[in-house]
Amino acid sequence: MHLGQILVAQRLVTKPTLDAAMQRQRKQGGRLGYQLVAMGALTPEQLTAALARQRDLEAAVTASARSLRTVRIQHGEMNRQTVRARQELGRAYLAAGQAADALSLSESALQEYRKAFGAEHVYTREMAKLAADARAALKA
């Protein structure tokens, strides 16, 4: 997730303020966060917290992707642990602002689960919910 997305999502800055800081960054160079602090839109503490959040989200996506790869190797595709790992990765994508990745993962899984388990199975319903959440995030 980009720093600007995090700041807007946490309502620390508005989209127009972010746009102004990005314009300033293009003209003057430097980091976006420092431009926002220089503009008075953020405190240094808020920037530090947002950067930590960005790092944590990236780490969660990386860990979830690694976990899914491991579980797939150990248990195959249609196993409870693999289903849970796919959902975890999808949720991490959503939290990190990667709704398109979450939608791609959930829609492919949803097709497989409908064939394997049926439309009313809990795995299918949970993946359908993840797909719906990803679609909503993309529209927002």
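Between amide H atoms placed 1.01 Å from N, distances below 5 Å from Gly97 occur with no residue 5 or more places distant or on a separate chain.
Using only the C-alpha atoms, the convex hull of the range 9-50 corresponds to 60 Å³ per residue. How far is it, in nm, from the label point at Ser104 to the one at Ala38 when both lie 7 Å from their Cα along the line to the Cβ? In this crude spin-label approximation the distance works out to 3.5 nm.
What net charge do the residues around Gly76 carry, taking every other residue with its C-beta under 14 Å from that of Gly76, with Lys and Arg at +1 and Asp and Glu at -1? Don't skip to the end; give the middle numbers.
On the way: positive: Arg69, Arg72, Arg80, Arg84, Arg86; negative: Glu77, Glu112.
Surrounding charge for Gly76 is +3.
Measuring from centroid to centroid over Cα atoms, what is the spacing of the range 30-68 and the range 95-130 in Å? Cα centroid to Cα centroid, the span is 28 Å.
Nearest 500 deg cm²/dmol is fine: what mean residue ellipticity at 222 nm does the chain get from its DSSP H runs of n ≥ 4 alone, each adding -39,500 (n - 2.57), divided by its residue count?
Working: 7 runs with 114 residues, N = 140.
Result for the chain, helices only: -27000 deg cm²/dmol.
Taking Lys and Arg as +1 and Asp and Glu as -1, the other residues whose beta-carbon sits under 12 Å from that of Ala60 total +1. With K and R counted +1 and D and E -1, the other residues having a Cβ less than 13 Å from that of Gln98 yield a net charge of -2.
Specify the angular offset, from 0 to 90 degrees and rounded to the nearest 10, of the alpha carbon long axis of helix 122-139 from the longest principal axis of the alpha carbons in the chain. That works out to roughly 30 degrees. Label-to-label distance, Glu58 versus Gln25, with points set 7 angstrom from Cα along the beta-carbon direction: 1.3 nm. The percentage of C-alpha pairs in the chain whose separation is greater than 26 Å is 38%. Assuming charge only on the beta carbon of Lys and Arg (+1) and of Asp and Glu (-1), the dipole of the range 1-92 about its Cα centre is about 200 debye to the nearest 20. Taking the longest Cα principal axis of the chain as reference, the axis of helix 80-95 is set at about 20 degrees.
Each value in this text was obtained by applying a stated rule to the coordinates, not by laboratory testing. From a predicted model like this one, the values you see are computed outputs, not experimental measurements. Glycine gets a Cβ as well: all are built from the backbone with ideal geometry, and neighbour counts include every protein chain shown.
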